[in-house]
Structures are given as C-alpha cells and as structure tokens.
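Novice: I'd like to ask some things about the structure below.
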Amino acid sequence: MALANGQIHAHAPAQPRAPVPRRIVLLGATGSIGRSTVDLLERDPEGFSVSAVAGGRDVEALARVARAVKAEFAAIRDESAYAALKEALAGTNTQVAAGREAVIEAALRDADLVVSAIVGAAGVEPTYAALAAGRDVALANKECLVCAGVPFMRMAAEMGVRLLPMDSEHNAIFQALGGEDASRIERMIVTASGGPFRTWSKERISEASVEEALNHPNWAMGPKITVDSAGMMNKGLELIEAHHLFGIPAEKLEVVVHPQSIIHGLVAFSDGSVTAGIAVPDMRTPIAHCLGYPDRLTTPTPRLDLAKIATLTFEAPDFDRFPALRLALDVLRAGGGLPTVLNAANEIAVEAFLDRRISFDGIARHVAEACEAALRDGTANAPATVEDALAVDHIVRERSRSALAGRAASGMLLQ
C-alpha cells in the first residue's frame, strides 16, 4: 500500500479486479446510497453477486433489496423485526438474522468489497469489523473516520486493504490525485453546493423549518445528511474525513461553495497544476467507480454537457451564516477526541431538529456547547481504539439527550 504522512494514501496501486462475478456486501442497503448501489448491481447481474445486505428498521425495504439482488444473507439491526423479515423473505434462499451482531455478521461475509453506507455512528462497528477481517471497503459513511479516523486508518494499513471513498467529494479527489505523492499537494479543495440556505440571511436561516432544511437544490439524500448540508456541517465532516483518508493536514484543506455541484473536488499541486473531479450530481457515478475499481463500469447516469450548463460559479464560505462549518474546522485543527464529540452531539441535535424540539440554529449552538463541555472534563481526549471512540460517542449522546430534555422540561427550548 502507498503511504502518505503516515496514513494510507487512498490511491493505492491498482490490483487486478477480482474474477467475475465480484462479491459484494451492502451495509445500509435501504438508504439513498444503498438504493443507488442496488440500481447498479441490478443492471449487471453477471458482474456481481451479493453475499449480504443489512439495514436498520425498514423490513419491507430490506426484503425488496434482498430479493432484487438475490442476497445470500439479510440482517436487520432491529431485533424485534426478525420475524417480519423472515416472513417477508419466505420462499427465497436468503438467510435472515436480526440485531447488532447480525449486522456485524453481514459485514464479515465473504466479499471482494464491503459497501459501508449505514448512516451515522451505527456504521462504525460493522465497518471496522470488515476492515479487521481484511475486506476492501467502499466508504460512504463519514462518521467512521470522523469518530475514529486514527484507528481506522491504522487497521487498514495493518491489513493491507483499500479504503475506497464513495462520497462524491472524496471520490472526485481520489480520482483527481492520480496516484501523486501527497507531499506535492499544496491544497485540497472540497466543494459545497451551499444547500437550500445559500442565499438566505442569518436571521432567516435561524428560523428555517424542517421542510425548508430538507429541500436540497441538487441532491436527493436522507434527512440527516440533508440537514447537515443545509447548515454546512457536512462539509466540516468531509474535511475531517479527507484529513484521515488522504493524510492531508488541516491547513491544506479548504471548502469553496459551488452551487451547480458539477466540480466535486480539486487538488492543487506544488507546480501550480490543479486537477478536478467533474461529473453531474448523481451518486451512481462515485458508487460505480468504487464497485468497478480499478476497472470502469458503464452507468446510466446523465452525461456532462458543459456547453449546456454554460456557467460554473464559486463563492467563499460564509462562516457567520454557517457557524457549524467554522466549528468543524476548529475541531479538525484541535484534533484529539473532539471530532468524535462533534459528530455525536451533531447527530443528537439534528435528530432533535427533525423532531421539531430545537431551532435550526440551535444545532450548531448545541454542538459547540458539547465540545466545550468535553474539553473541560477530559471527554475530548484522543481515542486510541474504536472501542474508545464508541465510548466517547455514547457519553456525548447521553449527555446531549439529557441537556436537550432538560431544556424542554424547563421550557427553555434551544433557539
């Protein structure tokens, strides 16, 4: 494996593709990434076979996926859903299991590639298990590296496996790097659409409704990541992920707002050259790149027509209107366990916003308070292992739930 600054360089030397059919495990099969992955797998039944699929609570959706891809094993995290899933898959050859251990079992099934698309920190444990078992992983879960970047990258290096970036921004950078030495990189730039509030005033953003936050102009995503996008927290999480994935220091990482979402990431080199990953905004493009790597698949995605698009525009991010991005950058620079704290507090705050228990600008405010509390009591110490990171995650979640419940009980809704 190629190394950069002590980390695995994502663009490791390409090895021959596994014999057809390529065996796939799909974690997070019922989410937006999972559905797009299934669309590509269904289009190439001779090229892929599916060892296992896993989901959270949606029995009907998981059963549909398992039937569509003829999965050998289906796991649902909700233990109470076992009987319903068993019934839904009656008459098929798909084995069924339920619970946390069942999802880990799915991750450990024989596979050439494990697609990690479980949303949030729930994806950390099964994804790490896949790495530790020597599986190549296509990573669409930011939280794995935000929560436990150091132990994740260490395990990937020890096992000599690939950690392929499936997020559109990181995949674009992965391709733009072209195998270059990280020491020659001057800047790595992640683009942001700006979300639904790009042109809104700070005051109007603070009063945004759930429906307005979920109305993304370019991407169709799950509710959590869509809310993160509206506040630009997702760009902060992506910078933390890029830091670990590519071994790039915080001072070389930047965000630029690009409303058209055509350029997804750029790399500027020491000789003045800049390379960019460019494609129409369709998640099937980076997913296909990971599924086929180091080969290329043929996809049904729309093709880029620059003459039709005509204009590409760029803006500097506004940290005053989007304080979550500034907070995430500060956390990245501080390091230690703060990224773990940031992620856990943000997940709980976004959940509270979606439940209409806090205002939109209350999300960033709560996360900032959680980080300050963790610094005071030592919770923000750097986690040495994934178990350490998950312990911090648990503490911060419980503390966040308690703090938000306390405000609600006293009538002090976080504004």
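Taken together, the values in this text are just the output of simple stated rules run on the coordinates, not laboratory data. Just so you know, these numbers come straight off a predicted model, no measurement behind them. Don't worry about glycine lacking a Cβ; one is built from the backbone with ideal geometry, like all the others, and counts go over all protein chains shown.
Novice: Rounded to the nearest 500 deg cm²/dmol, what is the calculated helix-only ellipticity per residue at 222 nm for the chain, with -39500 (n - 2.57) per DSSP H run of length n ≥ 4? All intermediate terms of the calculation are to be shown ahead of the outcome.
Specialist: Details: 17 runs with 191 residues, N = 415.
-14000 deg cm²/dmol, from helical runs alone.
Novice: Now for a separate question. What does the charge dipole of the chain about its Cα centre add up to, to the nearest 20 debye, if the Cβ of each Lys and Arg holds +1 and the Cβ of each Asp and Glu holds -1?
Specialist: It works out to roughly 380 debye.
Novice: Packing-wise, with mean Cβ within 10 Å as the measure, how do 264-276, 388-400 rank, highest first?
Specialist: For the peptides 264-276, 388-400, the packing ranking is 388-400, 264-276.
Novice: Quick check for me: using +1 on Lys/Arg Cβ and -1 on Asp/Glu Cβ, what's the dipole size of the range 65-168 about its Cα centre, in debye to the nearest 20?
Specialist: That gives a dipole near 140 debye.
Novice: Sticking with this structure for a sec: When the label point is put 7 Å from the Cα of residue 313 along its Cα-to-beta-carbon vector, which residues of the range 261-287 have a backbone N closer than 13 Å?
Specialist: Zone members listed by number: 261.
Novice: Right, next: Under the rule of at least 5 residues apart or a separate chain, name every residue whose amide H is placed under 5 Å from the amide H of residue 192.
Specialist: 256, 257, 258
Novice: Still on this structure, I have one more. Could you sort 101-109, 329-337, 114-122, 294-302 so that the peptide with the highest average Cβ count within 10 Å comes first and the rest follow in order?
Specialist: Numbers: 101-109: 22.1, 329-337: 18.9, 114-122: 25.7, 294-302: 13.2.
The densest-packed peptide leads the list: 114-122, 101-109, 329-337, 294-302.
Novice: Something else now. Which of the peptides 226-239, 307-320, 58-71 is most tightly packed, and how do the rest follow, judged by the mean count of other Cβ atoms within 10 Å per residue?
Specialist: So the order, starting with the most tightly packed, is 226-239, 58-71, 307-320.
Novice: How high is the FRET efficiency between residue 83 and residue 377 when r is their beta carbon distance and R₀ equals 41 Å, given to the nearest 0.05?
Specialist: About 0.40, to the nearest 0.05.
Novice: Scan the chain and note any complete DSSP helix (H) whose C-alpha atoms cover at least 18 Å along its axis and whose Kyte-Doolittle average is 0.5 or more.
Specialist: Answer set is 142-159, 338-354.
Novice: Can you give the local net charge around residue 139? Use residues other than it whose beta-carbon is closer than 13 angstrom to its beta-carbon, Lys and Arg +1, Asp and Glu -1.
Specialist: Counting the neighbours of residue 139, the net charge comes to -3.
Novice: Size of the dipole of the range 202-304 about the Cα centre, Lys and Arg at +1 and Asp and Glu at -1 on the beta carbon, nothing else charged, in debye to 20?
Specialist: The calculated dipole for the range 202-304 is roughly 260 debye.
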